[in-house]
Amino acid sequence: MKFDTVIIGGGLAGMACGIRIAEAGRSCAIVSQGQSAIHFSSGSFDLLGRMPDGREVTDPIAGITELEQTSQEHPYAVMGAERCLKYAQRVPELLRTSGISVLGDCRKNHYRVTPMGRSKATWLTIDGYLTEQEPGKLPFEKVCIVNVEGFLDFYPEFIAEEFRKYGVACCFETINFPDLEHIRKNPSEMRSANVARVFDHEKNLDALADKIRKVVPECDAVIVPAIIGINRNDSLGLLKSKIDIPLYLLPTLPPSIPGIKAQQTLQQCFRALGGEYFLGDTVRSADLENGRVKQVYTVNHGNIPFEADHFVLATGSFFSEGLVATPDRIVEPVFGADTVYASSRTEWYTLRFFDKQNYQAFGVKTDSALHVVKEGSSIDNLYCAGAGLVGFHPVQEGCGAGISLLSALYVADQILNSK
Amino acid sequence: MNIQQNTVSENNFEQCIKCTICTVYCPVAAVNPDYPGPKQAGPDGERLRLKRPDFFDSALKYCMNCKRCEVACPSNVRIGDIIQSARIKYGPKRNTSLRNYVLANTDLVGSLATPFAPIVNTAVALKPVRFMMDKVMAIDHRRIFPKYAHGTFTSWYKKHAAEAQAAFPKQVSYFHGCYVNYNNPQLGKDLIRIMNAAGYGVRLLDKEKCCGVALISNGLYNQAKRQAETNLASIRTAVNENDLDVIATSSTCTFTIRDEYPHLLSLKNDDVRDRVELATRYLYRLIQSGKVSFKFKEAEPIRVAYHTPCHMEKMGWSYYSIELLRMIPGVEVIVLDSQCCGIAGTYGFKKENYRTSQDVGEPLFRQIEASGADLVATDCETCKWQIEMSTTKPCENPLTIFASRLA
């Protein structure tokens with residue numbers, strides 16, 4: 001099989017890169033080992049929420065400019081603030097044309113509300129989700145939090161506890177009807193995807209709307225867990241049209257409906273542009289010739305290799321096995337690329353789970369153009385994008401999605417500018 | 001003693017981090033809450049079963065063995081294999097249902113039916129007969145049976161083709177499967193036509209039995225193993241003694257021989273596995289290597305919608321069939337979203353599964369109807385039956401379409 005570009009990894013970075021390459025008319029294949037971490041999405045995309053020292057960021061680009069001076073290993077610093085700004089400005093359009101409608105500004109963070117009701121700085125949020133311009137500045141005074149009876153992954157009391165701190169009065173409603181009774185026969189799998197399928201039926205949206213209408217006189221807004229619209233695009237619009245107070249979605253614990261939807265939307269967009277998406281396959285080895293990658297071999301395709309002029313390593317971090325920890329080393333399993341990590345294992349982690357963990361900043365060594373480095377030399381047709389890069393803490397800094405998207409666009413541009 | 005060697009599962013179940021992505025993509029869990037879902041039925045349940053076998057849950061029978069959970073898993077856990085292995089290891093040891101025996105023994109039933117095909121086909125289409133089968137055997141009366149051919153593919157081959165095929169200097173072996181033998185010999189003939197046009201003669205294996213997929217899903221494991229051993233012996237003769245590749249026209253037969261034999265029946269096949277492949281992949285490779293090209297005739301433009309069968313999705317090979325279709329002048333190819341059609345071999349024939357089966361397939365049927373396609377193409381025979389029964393479109397193997405447009 002011969003392509004212009006083969007991308008290894010079908011998460012946010014792989015797909016953003018693939019969409020850019022495919023829309024420029026180049027032939028592109030994505031090989032992905034299973035579904036990606038987008039399935040745990042919050043409904044928002046972060047660019048930079050905090051500096052490495054913990055300070056809050058209000059203007060992510062200003063933060064990135066500072067990183068350029070203070071944290072030279074950070075992927076944003078490697079790409080440079082000017083480039084980051086350029087690519088950050090392109091992202092909303094890329095998501096929108098793919099079918100994911102988002103709002104936000106790379107020069108000013110807004111706040112998303114977590115499944116626990118806390119405010120977190122973020123960059124872009126999918127339409128329909130609850131956001132705030134300042135932490136705790138909620139767009140209502142009395143809100144009704146609706147939940148589905150028996151749904152395991154949404155906690156109205158926790159949310160209310162946070163909201164009350166900001167003087168918002170909360171009331172609760174639970175909803176139940178025969179189709180929900182039906183899926184409750186399997187209590188352990190009463191999870192967002194199964195619940196959302198029920199609400200893709202209009203009669204069930206009607207039942208939900210009826211319930212909400214009953215609480216209208218007492219409340220000025222209503223919150224519903226993100227269980228609306230898994231297979232249909234119009235479910236949220238339909239629901240909103242049936243009620244006359246504002247309705248906001250709040251993310252649930254995984255699997256995340258906005259994540260599933262985003263994954264499917266990006267994948268469909270990539271395919272519609274002529275891209276080939278190979279799901280459930282693992283790249284197991286590569287042929288290198290004269291310092292270039294010639295072709296890669298996968299488990300499924302065996303003796304038929306994927307040949308290409310350009311390759312992108314977007315296999316992610318530890319979760320997706322883009323990085324593998326052995327007792328004493330951090331390994332990149334596809335190319336055996338050079339990796340950056342602390343030499344003593346005791347420095348890899350702390351025993352306090354929620355603390356900053358050093359292993360999260362380990363990754364694949366690259367040069368400033370994000371070429372992968374192997375045995376000290378850059379491979380000039382192999383790039384790394386996304387979570388496998390070195391030098392950042394996606395959770396503490398709130399920058400995982402931004403790094404995936406910006407590095408993907410940077411790599412795509414370099415591929416498109418070459419022959 | 002190497003403790004780790006004895007405690008690490010072959011199916012990678014320790015790698016499960018409970019992310020639940022598999023359950024999102026399980027076609028059964030989406031429509032039937034009696035099924036606990038792949039995470040619960042697979043790695044979660046395995047932990048309990050390892051402790052005490054009586055934690056085995058009979059609801060595992062609702063698993064269709066589509067393997068879509070494995071395709072979705074980010075951690076490489078062989079969830080489907082864990083579930084099927086648990087059924088083999090902990091499930092009922094004897095399968096006493098006459099219905100399951102009849103559905104699983106495709107060779108026996110096919111051999112009995114083909115000589116009397118016109119009568120059998122008419123009979124199973126009659127309402128009273130279907131009603132009786134429903135009541136007596138629990139085969140759903142709404143299910144339309146595939147038609148049997150009047151005479152098998154192998155008997156035709158021996159009489160009319162063997163000699164001419166042997167005359168080709170280059171040869172390939174063909175695992176035709178039950179469907180070509182008893183239901184659709186034309187597909188076998190189409191393959192021969194294509195291979196001949198490429199300069200290859202088509203041989204049959206010394207001895208071929210049903211690949212056993214239906215025996216495995218109906219709990220007849222010992223018989224499945226015996227048939228698999230027969231097939232592997234014939235494949236070994238073809239590959240090792242005669243240096244012939246073995247190709248098949250059914251995605252499920254191919255998948256079963258390559259992956260289910262070692263994973264579920266514990267039969268080693270590494271010495272021949274790479275030489276057994278789907279005919280569309282074999283042809284793709286020949287064409288890409290530049291050794292072979294085909295001449296097509298001018299024909300009416302048609303729009304073909306390709307459906308990816310579950311086992312094809314698991315093998316990851318739909319690309320080859322789609323590319324072959326795209327090579328045919330006048331054929332516009334639409335690729336349907338890869339989703340289960342619901343029949344899963346014999347699963348959808350069973351009365352207790354009929355509703356689940358049709359509910360699972362519903363989104364696919366809708367997409368097919370909306371596609372504006374003249375024809376659906378797929379590499380699996382049972383998907384074909386399901387699509388033809390549940391939509392208004394005819395459905396063919398890509399090779400049949402390919403052959404029909406050869407000059």
The one condition B:Leu50 fails out of (1) surrounded by fewer than 24 Cβ atoms within 10 Å (Cβ to Cβ); (2) more than 9 Å from chain A (Cβ to nearest Cβ); (3) within 16 Å of A:Arg184 (Cα to Cα) is (3)
The condition from (1) in a helix (DSSP H, G or I); (2) more than 17 Å from A:Val78 (Cβ to Cβ) that A:Gln414 misses is numbered (2)
Within the stretch B:177-226, restricting to residues that are of a type in the set (D, E, K, R) and closer than 23 Å to B:Tyr148 by Cβ, the one that is farthest from the chain's Cα centre (by Cα) is B:Arg193
Counted residues in the stretch B:73-101 being within 11 Å of chain A (Cβ to nearest Cβ) and either in a helix (DSSP H, G or I) or free of Cβ contacts under 8 Å to residues at least 12 places away in the same chain (or both) come to 1
Being surrounded by 15 or more Cβ atoms within 10 Å (Cβ to Cβ), modelled with pLDDT under 90 and charged (D, E, K, R) narrows A:Arg197, A:Arg184 down to just A:Arg184
By residue number, the members of the stretch A:260-298 that are outside any helix (DSSP H, G or I) and closer than 19 Å to B:Cys73 by Cβ are A:Tyr277, A:Phe278, A:Leu279, A:Gly280, A:Asp281, A:Thr282, A:Val283, A:Arg284, A:Thr298
Those residues of the stretch B:283-340 which are under 17 Å from B:Ala373 (Cα atoms) and among the hydrophobic types (A, V, I, L, M, F, W, C) amount to B:Ala299, B:Ile302, B:Val304, B:Ala305, B:Ile322, B:Leu325, B:Ile328, B:Val331, B:Val333, B:Ile334, B:Val335, B:Leu336
Scan the stretch A:22-34 and give yes if some residue there is closer than 30 Å to A:Arg271 by Cα, in contact with a Phe, Trp or Tyr (Cβ under 7 Å, 6 or more places away or on another chain) and away from chain B (no Cβ under 14 Å), otherwise no. yes
Exception for A:Asp206 within (1) closer than 30 Å to B:Asp259 by Cα; (2) in contact with a Lys or Arg (Cβ under 9 Å, 6 or more places away or on another chain) falls at (1)
- prompt: Would the stretch A:168-177 turn up any residue that is more than 14 Å from chain B (Cβ to nearest Cβ), closer than 15 Å to A:Leu247 by Cα and among the acidic types (Asp, Glu)?
  reply: yes
### Message
I'd like to check something: does the stretch B:343-359 contain any residue that is more than 19 Å from B:Ala29 (Cα to Cα), assigned to a helix (DSSP H, G or I) and among the small types (Gly, Ala, Ser)?
### Response
no
TODO: Output yes when any residue across the stretch B:352-363 is among the hydroxyl-bearing types (Ser, Thr, Tyr) and buried (at least 24 other Cβ atoms within 10 Å of the Cβ), and no when none is.
DONE: yes
Review point. Do we have any residue at all in the stretch B:379-389 that's among the polar types (S, T, N, Q), more than 14 Å from chain A (Cβ to nearest Cβ) and surrounded by fewer than 22 Cβ atoms within 10 Å (Cβ to Cβ)?
Key: no
Among strands (runs of 3 or more DSSP E) entirely inside the stretch A:99-157, those with 1 or more residues being under 19 Å from A:Leu253 (Cα atoms) are A:110-113, A:119-122, A:124-126, A:142-148
Quiz item: Quick check, is A:Gln35 in contact with a helix residue (DSSP H, G or I) (Cβ under 9 Å, 6 or more places away or on another chain) and either without any contact (Cβ under 8 Å) to a residue 24 or more places away in the chain or outside any loop (DSSP other than H, G, I, E, B) (or both)?
Solution: no
All conditions in (1) hydroxyl-bearing (Ser, Thr, Tyr); (2) within 22 Å of A:Ile38 (Cα to Cα); (3) in contact with a Lys or Arg (Cβ under 9 Å, 6 or more places away or on another chain) are true of A:Ser98 except (3)
Looking across the stretch A:246-282 at residues that are more than 12 Å from chain B (Cβ to nearest Cβ) and more than 21 Å from the chain's Cα centre (by Cα), the single one that is farthest from A:Val334 (Cα to Cα) is A:Pro246
Check: Does A:Ile61 satisfy the criteria of being β-branched (Val, Ile, Thr), more than 14 Å from every other protein chain (Cβ to nearest Cβ) and in contact with a Leu (Cβ under 6 Å, 6 or more places away or on another chain)?
Finding: yes
Selection from the stretch B:16-30 of residues within 7 Å of another protein chain (Cβ to nearest Cβ) and not in a loop (DSSP other than H, G, I, E, B) yields B:Ile21, B:Thr23, B:Val24
By residue number, the members of the stretch B:31-72 that are among the charged types (D, E, K, R) and assigned to a loop (DSSP other than H, G, I, E, B) are B:Asp34, B:Arg52, B:Asp57, B:Lys67
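Yes/no per residue for (1) at pLDDT 95 or above; (2) over 29 Å from A:His74 (Cα atoms):
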position: A:Gly280; (1), (2): yes, yes
position: A:Gln295; (1), (2): yes, yes
position: A:His301; (1), (2): yes, yes
position: A:Glu321; (1), (2): no, no
position: A:Ile330; (1), (2): yes, no
Listed by first then second residue, the pairs whose first member lies in the stretch A:196-218 and is under 10 Å from A:Ile243 (Cα atoms) and within 14 Å of another protein chain (Cβ to nearest Cβ), whose partner is at pLDDT 95 or above and surrounded by 18 or more Cβ atoms within 10 Å (Cβ to Cβ), with beta carbons under 6 Å and at least 6 positions apart or on separate chains, are none
Going through the stretch B:281-305 in order, the residues found to be on the phi < 0 side of the Ramachandran plot, away from every other protein chain (no Cβ under 12 Å) and of a type outside the set (A, V, I, L, M) are B:Lys291, B:Ser293, B:Phe294, B:Lys295, B:Phe296, B:Lys297, B:Glu298, B:Glu300, B:Pro301, B:Arg303
Taking the stretch A:43-56 and the residues there that are touching a strand residue (DSSP E or B) at 6+ places or on another chain (Cβ under 6 Å) and in a loop (DSSP other than H, G, I, E, B), the one that is nearest to the other protein chains (Cβ to nearest Cβ) would be A:Gly43
Subset of the stretch A:130-179, residues touching a strand residue (DSSP E or B) at 6+ places or on another chain (Cβ under 7 Å), touching a residue at least 24 places away in the same chain (Cβ under 8 Å) and among the acidic types (Asp, Glu), comes to A:Glu141, A:Glu149, A:Glu173
Scanning the stretch A:328-338 for residues that are free of Cβ contacts under 8 Å to residues at least 40 places away in the same chain and either surrounded by 18 or more Cβ atoms within 10 Å (Cβ to Cβ) or part of a loop (DSSP other than H, G, I, E, B) (or both) gives A:Asp328, A:Arg329, A:Ile330, A:Pro333, A:Gly336, A:Asp338
Of the listed residues (B:Asn269, B:Asn242), the one being surrounded by fewer than 24 Cβ atoms within 10 Å (Cβ to Cβ), in contact with a Phe, Trp or Tyr (Cβ under 6 Å, 6 or more places away or on another chain) and not aromatic (Phe, Trp, Tyr) is B:Asn269
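The values are calculated or read from the model by the stated rules, or taken from the named source; none is laboratory data. Here the structure is a predicted model, which is why all the values come from computation and not from measurement. Using ideal geometry, Cβ is built from the backbone for each residue, glycine included, and neighbour counts are taken over all protein chains shown.
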